[in-house]
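The values are calculated or read from the model by the stated rules, or taken from the named source; none is laboratory data. Computed from a predicted model, the values in this text were never measured in an experiment. Note: ideal-geometry Cβ built from the backbone for every residue, glycine included; neighbour counts use all protein chains shown.
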Amino acid sequence: MRRGLRELPPRQRATLVLRYFDELSVGETAAILRCSEGTVKSQTARGLATLGRVLARPELGAEQGKVTT
């Protein structure tokens, strides 16, 4: 998972880490990143989509097995 996160653009990575690892709300994340809640939502959606594509790549196959949803 960490390797997949490292491959995300910085804004998407920050949004996912704050939302899912730090368990912050959309509002709290927006305040920390100094952006709108809409930006947090769109960056979260894009980040999840990008992460899914990254983790689906064959070279991350072994690591992909460790990811739980």
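Worth pointing out:
- Output for segment 18-36, where each listed residue is surrounded by fewer than 14 Cβ atoms within 10 Å (Cβ to Cβ), of a type in the set (S, T, Y) and not in a loop (DSSP other than H, G, I, E, B): Y20
- The single residue among T50, T39, T15 that is assigned to a helix (DSSP H, G or I), surrounded by 15 or more Cβ atoms within 10 Å (Cβ to Cβ) and at pLDDT below 95 turns out to be T50.
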